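The values are calculated or read from the model by the stated rules, or taken from the named source; none is laboratory data. A quick note: this is a predicted structure, and the numbers were derived from the prediction, not measured. Glycine also receives a Cβ, built like all others from the backbone with ideal geometry; neighbour counts cover every protein chain displayed. Only protein heavy atoms, including side chains, enter the accessible area calculation; ligands, DNA and RNA are left aside. Shrake-Rupley method; radii C 1.70, N 1.55, O 1.52, S 1.80 Å.
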Amino acid sequence: PSHAGLTGAASWFWLDPAPAATTLSVTLAGELVTVTAEPAAVEWRFGDGGTLSGGVGVPYRPGAPPPDAVTHGYGTRCLPGDQGRDPYVLASCGRDGYAVEVTVSWRISYAARGPVGASGSLPTRTTEASAVYPVSEARAFLLGAGSR
């Protein structure tokens, strides 16, 4: 998101660009080797202890979130300057906001054609991204009759 979040309201997250399957082929000495990496799992950590195993999300659009949207509701504010000054913020509140992190696990396979034909899987690899996300709050006050 490009704006600060608001406690009690759903914040909407997505990866841009969204990870997609990538294929690379190389030919050497008559052997064609193709390696394919596909996103297999996405794990979100929202900085306040909340996590979500899901997809890459979809960009925000007005209206109800679609099933593949990644949303999270924050219950406690976390703004620049809160850490160490506001006793009501969470210990995980960073200097400039919550640290939102996402890990993408990749399934990697290969296929070789030529004098030595083979195929199989390689160990899973991960990539990570993070961003600082400040979360504000709105407060309402009740005033007695005649107060302004």
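Placing unit charges on the Cβ atoms only, positive for Lys and Arg and negative for Asp and Glu, gives segment 7-130 a dipole magnitude near 100 debye about its Cα centre. For the chain, carbon and sulfur atoms together expose 56% of the accessible surface, with a 1.4 angstrom probe and every protein chain in place. Extension gain, ALA21-ALA40: 0.36 nm per intervening residue step, less the Cα-Cα distance, totals 5.9 nm.
When nucleic acids and ligands are ignored and a 1.4 Å probe is applied, TRP14 ends up with an accessible area of around 80 Å². Distant-in-sequence amide contacts of LEU79, defined by a placed amide H-H separation under 5 Å and a gap of 5 or more residues or a different chain, comprise VAL135.
Rounded to the nearest 0.05, what FRET efficiency do THR7 and ASP68 give with R0 = 35 Å and r taken as the Cβ-Cβ distance? Could you check?
On the way: r = 25 Å, r/R0 = 0.70.
Using R0 = 35 Å, I get an efficiency of 0.90.
Close amide H contacts of ARG107 (hydrogens built in the peptide plane, cut-off under 5 Å, sequence separation of 5 or more or a different chain): GLU38, ALA40. Couplings 3J(HN,Hα) of segment 82-98, computed from phi: 6, 4, x, 10, 9, x, 8, 7, 6, 4, 7, 5, x, 4, 10, x, 6 Hz, in residue order, whole Hz [Karplus 6.51 cos²θ - 1.76 cosθ + 1.60, θ = phi - 60°; x for Gly and Pro].
Applying the Karplus relation 6.51 cos²θ - 1.76 cosθ + 1.60 with θ = phi - 60° to segment 58-68 yields 3J(HN,Hα) values of 9, x, 4, 8, x, x, 5, x, x, x, 8 Hz, where x marks Gly and Pro.
Let me have the relative contact order for the chain, percent, based on Cα pairs under 8 Å that are six or more residues apart. Walk me through the numbers on the way to the answer.
Working: 305 pairs, mean separation 42.3, N = 148.
Rounded, it is 29 percent for the chain.
For the chain, the solvent-accessible area works out to 65 Å² per residue, with a probe of 1.4 Å and every protein chain left in place. Computed from backbone phi with θ = phi - 60° and the Karplus coefficients 6.51, -1.76 and 1.60, the 3J(HN,Hα) list for segment 115-122 is x, 10, x, 7, 8, x, 10, 10 Hz; x is used for glycine and proline.
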